[in-house]
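Here the structure is laid out as structure tokens; the discussion comes afterwards.
Please treat every number below as a calculation from the coordinates, not as lab data. Treat the numbers as computed from the prediction; the structure is a model and nothing was measured. As a convention, Cβ positions derive from the backbone with ideal geometry for all residues, glycine included, and neighbour counts pool all protein chains shown.
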Amino acid sequence: MAARLRRALLLSVVVLTLLLAAYTWFVLTWSYSRGERAGFVQKFSKKGVVFKTWEGELLMVTLPGVMPERWEFTVHDDAVAARINALMGKRIALSYDQHIGVPTSIFGETGFFVTSVREVKE
């Protein structure tokens, strides 16, 4: 009887682990929304205890003299992060995918994952 209980408990743990892994994979590959935001990067740094991600803050200015809106974002790709660092101080446009329901913050502090960057010529 004890062996049967242990097997059932082990099977339950394995099934729950597989379900959590499948859910995590789904929310990281399925994109809730896609878009682009333009502005000036105010803050950009690599953070994390286990998984290092680039975390940044974009200031979006709508009109001169108006208080800018802050938008926080995450970058996983080091090549995109290097491009953002190279364009610091210039007006840029960030293309992003929004992922909702990510179960933990080890994949990034925000749900907005930047996929590409381009300089905006004025």
Check: Convex hull over the Cα atoms of region 1-73, averaged projected area in nm²?
Finding: 8.0
Check: So what are the ³J(HN,Hα) numbers for region 86-103, from phi and the Karplus equation (6.51, -1.76, 1.60; θ = phi - 60°), rounded to whole Hz, Gly and Pro as x?
Finding: 5, 9, 4, x, 10, 6, 10, 10, 10, 8, 9, 10, 9, 10, 10, x, 5, x
Check: How big is region 9-50 by the Kirkwood estimate over distinct Cα pairs, in Å?
Finding: 14.3
Next item on the list: For the chain, set up a Gaussian network in which alpha carbons nearer than 10 Å are linked by springs, and say which option among GLY48, GLY39, GLY56 fluctuates the most.
Entry: GLY48
Notebook entry, point to check: Calculated FRET efficiency, TYR23 and GLU109, Cβ-Cβ r, R0 30 Å, to nearest 0.05?
Noted result: 0.95
Margin query: Give me the dipole magnitude in Debye, nearest 20, for the chain about the Cα centre, with unit charges on the beta carbon: positive for Lys and Arg, negative for Asp and Glu.
Written below: 440
Check: Taking springs between alpha-carbon atoms closer than 10 angstrom, which of VAL13, VAL80, VAL102 fluctuates most in the Gaussian network model of the chain?
Finding: VAL13
Note to self: Could you tell me which residue out of TRP25, ALA38, GLY48 lies farthest along the dipole of the chain toward its positive end? Charges go on the beta carbon: Lys and Arg +1, Asp and Glu -1, centred on the Cα centre.
What the structure shows: TRP25
Margin query: Using Cα springs under 10 Å in a Gaussian network model of the chain, which residue among SER33, SER12, SER105 shows the largest mean-square fluctuation?
Written below: SER12
Check: Of (i) 74, 24, 22; (ii) 55, 36, 18; (iii) 46, 30, 23, which one was derived for Cα extents along the principal axes in Å from the structure shown?
Finding: (i)
Checklist line | Loop-located chymotrypsin sites (Phe, Trp or Tyr not before Pro) in region 1-61 whose Cβ has at most 15 other Cβ within 10 Å (DSSP) | finding: TRP30, TYR32, PHE51
